[in-house]
Amino acid sequence: LDRERNNPLALPAKHRNMSATELKQRGNEAFQSGNFTAAIDFFTQAIAIDPSNHIFYSNRSGAHASLNQYQEALNDAEKAIEIKPDWFKGYSRKATALQFLRRFDEAEKAFEDGLKQCPEHPTLTSGLETMRKERANFSFQQLFGDLIPKIATNPRLSKYLEQPDFVTKIQQLSTDPNSLANHLADPRIQEVLAETLGIRVQSPGSAPPPSAAPAPEPEPQPEPEPEPEPETPEQQAAREKQGAFLAAKEAGNAAYKKKQFEEALEHYGRAAEIDGENMTIYMNRAAVLLEQGKLEECVAECNRAIEVGRAHLADFALIARAFARMGNAYMKMERLEDAIDAYQRSLTENRSRDVKQRLDAAERKLRAKKEQEYLSPELAEEERLAGNEHFKNSQYPEAIRRYDEAIKRNPNDARTYSNRAACFMKLCRWQDGLKDCDEALRLDPSFVKAHTRKGHIHFFLKQYHKALEDYEAGLALDPESQECKEGEIRTFQAIQASQRSGEVDEEQIRRAQADPEIQAILADPAMNRVIQDIQTNPEAAREHLRNPKIVENINKLVAAGIMRVG
């Protein structure tokens, strides 16, 4: 433990069994979701396991940069370069960190060092061009950034600071040097440029002071352009090879669009013979094979594309597309576990909403397939009968476990839900019992026992108005149901006893007021008038009570404990 505490790279216990690759994957997921601090933590743990992996340092550099921790990002980028000097991304990471630190000369050198290792790499060349533009703009801003202090200390210029329009123009130049052309007609701006920066500007339309016109100088003859360097045999061969490759690839694309798949494969095969280091050709072949339904061959081409892409440092987005295409092939083969793995690998390389949706669909389909394969009415019946035995022996948790298994095996048997509801009632899990009764009635609306049990639950919850509805529903299906009759009588007796006692059951009132049906009655202005008339105007009350709907609502309020009569 002491060694762990003194070692900054020691793994936390909860991640100690994870491999470096798994930790990197967790770090990538955290990075993609925007949790850069967690990403740094995972990459640090991966480094603790394998400190010789340059990708771990590079990824942590990117996470540090996302948190504006540019010095830390620079340190990690330099470590990545130290481990793998020929990897373009290390130089890109280093140059980016230096660029944000405003160390432009060093950033330019980092890009140039990277291009020595990876000539003409698009990431490095475009990064170098962007950095040079930013440096030029930064220098331009610095030129105008301190104009106001210079003006204030100049006796000839300081008077202009008392003029608001002049101050506004200077402030605009400080923040946007490119707006200089808009202000050059102002003599004050011309004087400031001359005094502070040594720039002389001639006003538009002004004539130069009279003087002897100098003799016109002869126009310089244009220097002859240098003759282009002749191509070396190697350069000529490379150019011809690239032209032949692109021609074969485009011919394949054209055939693919026309659904001439065999012809497309021939063209792509020729392109692969010319340049076998370009992974896009193998991906295109995989697309053709997918259309043809040659799914195993499609997967093989995707694997080949990934192998070639990794060997030649292809863009992560291309690797991700190859994994996604592999996942599509596995889906058509109904190999759902393999499809899920391929989609997950694709998302690790590059986040894509489309691939995430495909992954979710594959996972849903796999769950549904496993549930379908698990179905067995025979085994479900065995579990239900075993649950009944446990219920008889008052072993209610064990009975519930058996009923759970029976429902997994056969989710369409209303009896199992009703039996589980009985267990929930014994354990006072009223809401769970109600859900099971509702599901039993959904499966079998004529199931009287489910109505009875639902009525019992509402009775125990003192929701007497609902209990009466349940018992009445059961009697409508079976007028001779003794259990429903007894439940109805018991409920009427409970209502009468509550009315006579004069005591207010706060819990009963709270549950009633949370009932949407009771809320609707109480929110009805007409019913509010009826309730008021019952309390203050007996003649009007008798008239109201001739309406069956009003009587039904009054009975519900009485049964719920909201109203008292007598």
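The values are calculated or read from the model by the stated rules, or taken from the named source; none is laboratory data. Source: prediction; values computed, not measured. Please note: Cβ atoms are built from the backbone with ideal geometry, for glycine as well, and neighbour counts cover all protein chains shown. Surface areas here come from the heavy atoms of the whole protein model, side chains and all, with no ligands, DNA or RNA. Shrake-Rupley method; radii C 1.70, N 1.55, O 1.52, S 1.80 Å.
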Criterion first (open to solvent by 80 Å² or more (accessible area, probe 1.4 Å), of a type outside the set (F, W, Y) and either modelled with pLDDT of 75 or more or outside any helix (DSSP H, G or I) (or both)) does Q499 satisfy it? no
Restricting the search to segment 56-77, which residues are crowded, with 18+ Cβ neighbours inside 10 Å and acidic (D, E)? D76
Residue in segment 397-415 that is at pLDDT 95 or above and either hydroxyl-bearing (S, T, Y) or under 30 Å from A30 (Cβ atoms) (or both) present: yes
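In segment 271-322, how many are open to solvent by 70 Å² or more (accessible area, probe 1.4 Å), part of a helix (DSSP H, G or I) and either touching a Lys or Arg at 6+ places or on another chain (Cβ under 8 Å) or acidic (D, E) (or both)? Steps first, answer last, please.
Start the filter on segment 271-322 by keeping residues that are open to solvent by 70 Å² or more (accessible area, probe 1.4 Å), which leaves 273, 277, 291, 294, 296-297, 303-304, 307, 310-312, 315-316, 321.
Next, only the ones that are part of a helix (DSSP H, G or I) stay: 273, 291, 296-297, 303-304, 307, 310-311, 316, 321.
Next cut, either touching a Lys or Arg at 6+ places or on another chain (Cβ under 8 Å) or acidic (D, E) (or both) only: 273, 291, 296-297, 307.
Summing the residues that are open to solvent by 70 Å² or more (accessible area, probe 1.4 Å), part of a helix (DSSP H, G or I) and either touching a Lys or Arg at 6+ places or on another chain (Cβ under 8 Å) or acidic (D, E) (or both) in segment 271-322 gives 5.
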When segment 473-496 is checked residue by residue, the ones that are open to solvent by 50 Å² or more (accessible area, probe 1.4 Å) and either of a type in the set (F, W, Y) or assigned to a helix (DSSP H, G or I) (or both) are A476, L477, Q482, E483, K485, E486, I489, R490, F492, Q493, Q496
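Please state which one of K454, K449, K462 is of a type outside the set (S, T, Y), outside any helix (DSSP H, G or I) and buried (at least 17 other Cβ atoms within 10 Å of the Cβ). Show your work before the answer.
Values: K454 fails: outside any helix (DSSP H, G or I); K449 fails: outside any helix (DSSP H, G or I).
The conditions single out K462.
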Can you tell me which condition R325 does not meet? The list is (1) basic (K, R); (2) closer than 23 Å to Y282 by Cα; (3) part of a helix (DSSP H, G or I); (4) open to solvent by 70 Å² or more (accessible area, probe 1.4 Å), and all the others hold. (4)
Starting from segment 535-564, keep only residues that are modelled with pLDDT of 75 or more, then list their pairs with residues that are basic (K, R) whose Cβ atoms are within a distance under 8 Å, requiring at least 6 positions of separation or different chains. V558/R564
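Kindly indicate whether any position in segment 39-46 is assigned to a helix (DSSP H, G or I) and either more than 25 Å from the chain's Cα centre (by Cα) or at pLDDT below 90 (or both). Give the steps one after another, and end with the answer.
Narrowing segment 39-46 to residues assigned to a helix (DSSP H, G or I): 39-46.
Next, only the ones that are either more than 25 Å from the chain's Cα centre (by Cα) or at pLDDT below 90 (or both) stay: none.
Scanning segment 39-46, I find no residue that is assigned to a helix (DSSP H, G or I) and either more than 25 Å from the chain's Cα centre (by Cα) or at pLDDT below 90 (or both), so the answer is no.
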Taking interchain pairs and intrachain pairs at least six residues apart, which have beta carbon atoms under 8 angstrom, with the first residue in segment 155-166 and loosely packed, with under 11 Cβ neighbours inside 10 Å and the second not in a loop (DSSP other than H, G, I, E, B)? R156/E191; R156/E195
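Yes or no: F104 closer than 18 Å to Q69 by Cα and open to solvent by 70 Å² or more (accessible area, probe 1.4 Å)?
Details: closer than 18 Å to Q69 by Cα: yes; open to solvent by 70 Å² or more (accessible area, probe 1.4 Å): no.
Taking the combined requirement at face value, the residue does not satisfy it.
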Being touching a residue at least 12 places away in the same chain (Cβ under 8 Å), farther than 22 Å from L313 by Cβ, in a loop (DSSP other than H, G, I, E, B) and not aliphatic (A, V, I, L, M) is the filter here, so list the residues in segment 52-88 that pass it. N68
Please state which of the following conditions A248 fails to meet, knowing it meets all the rest: (1) open to solvent by 40 Å² or more (accessible area, probe 1.4 Å); (2) more than 37 Å from the chain's Cα centre (by Cα); (3) of a type in the set (G, A, S). (1)
